[in-house]
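Rule-based calculations on the coordinates, nothing more; no lab input. Quick caveat: nothing in here was measured; it's all calculated off a predicted structure. With ideal geometry, Cβ positions are generated from the backbone for all residues, glycine too; neighbour counts draw on all protein chains shown.
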Amino acid sequence: ILDLYNRGIILAINSKNNHRDVLEVIHHHPNMVLKEHHFAAMLINWDDKVKNMQALAKELNIGIDALGFLDDDTVNREALRNVLPEVETPELPGDPSNYAKFLMALPYFKSDGPLTDEDKMRGNLYVTEKLRQAAEKDFLSPEAYLKNLNLDVVYFFDDDAAVSRLAQLTAKTNQFNMNKLLFSEKEILQYIQDPQHLVIHARAYDRFGDYGIIAF
């Protein structure tokens, strides 16, 4: 699971348990390699796990169909499949010693293109965004909050080390990218090498961390 985090898979906890008991294990168990900062969200309570899954999707601001649910209890898995069939809920093997092999064999985590720095830091981006949202509540105006962030934007010119991420950005559709002009890595490299063109990208930083490449 830690390997998945390092590849940019977002982790969250949906647990029926006492919150304090779970944190005790995370903080102090000698074999626990996953720590609080690895999880973009944690719902540890005695509520229904289906309800928690819906709440996690809302908190993370991602579609319910982008979630996967790993649980060692058959009843919980069946409940998720019946109420939220769009959530991927694989049938875990009966022997826990087979969990790791089973997890890494699942088809959900395969990537079509190369892994970029932004892919690897995706989980951390969700964590730092939660810190920003919490900090925003301390300010009376959006302007004061933004000033406190100490935002810094750095521009780069003809940087062939960023080509994979730049190609990714051309495939995204949002309010800032409506042209949908897809560029391959090879095409971007050709523009970088062409003296008639200038390829510019920007990274943004604030006091909470790195946003990664945010403009091309």
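Here the sum of -39500 (n - 2.57) over DSSP H runs of 4 or more residues, divided by the residues of the chain, equals -11000 deg cm²/dmol at 222 nm, to the nearest 500. Expressed to the nearest 5 percent, the antiparallel share of DSSP beta bridges inside the chain is 65 percent.
The share of Cα pairs per 10 Å bin across the stretch 96-216, counted from zero up to the longest distance, runs 11, 31, 30, 20, 8, 1 percent.
Once you reduce the stretch 106-155 and the stretch 17-89 to the center of their Cα atoms, the two points are 21 Å from each other. Normalised by 2.2 N^0.38 Å, where N is the number of residues, the C-alpha radius of gyration of the stretch 32-82 stands at 1.20.
Between LEU146, LEU125, ALA161, the Cα set farthest toward the positive side of the dipole of the stretch 47-178 (charges on each charged residue's Cβ, about the Cα centre) is that of LEU146.
Considering only alpha-carbon pairs that sit under 8 angstrom and 6 or more positions apart, the relative contact order computed for the stretch 105-191 is 23 percent. Each peptide in 24-37, 157-170, 86-99 receives the mean, over its residues, of other Cβ atoms within 10 Å, and ordering these scores from highest gives 157-170, 86-99, 24-37.
Out of every Cα pair in the stretch 128-181, what percent are spaced more than 13 Å from each other? Tail of P(r) above 13 Å: 73 percent of Cα pairs. Our summary of shape: the Cα atoms of the chain have principal axis extents of 62, 45, 36 Å, ordered from largest down, in whole angstrom. Excluding same-chain residues fewer than 8 positions from LYS51, which lysines have a Cα within less than 18 Å of its Cα? Counting by Cα, and skipping residues close in sequence, LYS51 has these lysines nearby: LYS16.
Projecting the Cα atoms of LEU34, PRO96, LEU84 onto the charge dipole of the stretch 1-156 (Cβ charges, centred on the Cα centre) puts LEU34 farthest toward the positive pole.
Highest mean packing comes first when the peptides 133-141, 148-156 are listed by Cβ atoms within 10 Å, giving 148-156, 133-141. Helix screen, the chain: DSSP H segments with Cα axial length of 15 Å or more and mean Kyte-Doolittle hydropathy at least -0.5 are 49-60. Taking Lys and Arg as +1 and Asp and Glu as -1, the other residues whose beta-carbon sits under 14 Å from that of LYS120 total -2. Enumerate the aspartates and glutamates that LYS49 could reach by cross-link, defined here as Cα to Cα under 12 Å, with residues fewer than 8 away along the same chain left out. Of all the aspartates and glutamates, those that pass the test against LYS49 - Cα under 12 Å, at least 8 places apart if same chain - are ASP71, ASP73, GLU78. Is the stretch 154-215 best put as rounded, prolate or oblate by its Cα gyration tensor, with a ≥ b ≥ c the root eigenvalues, rounded for a/c under 1.5, and otherwise prolate when a/b is larger than b/c, oblate when not? Note, shape of the stretch 154-215 comes out oblate. Length gained on full extension, ASN177 to VAL83, computed as 0.36 nm times the residue gap minus the Cα-Cα distance: 30.3 nm.
The overall shape of the stretch 18-141, judged from the alpha-carbon gyration tensor, is rounded, with an a/c ratio under 1.5.
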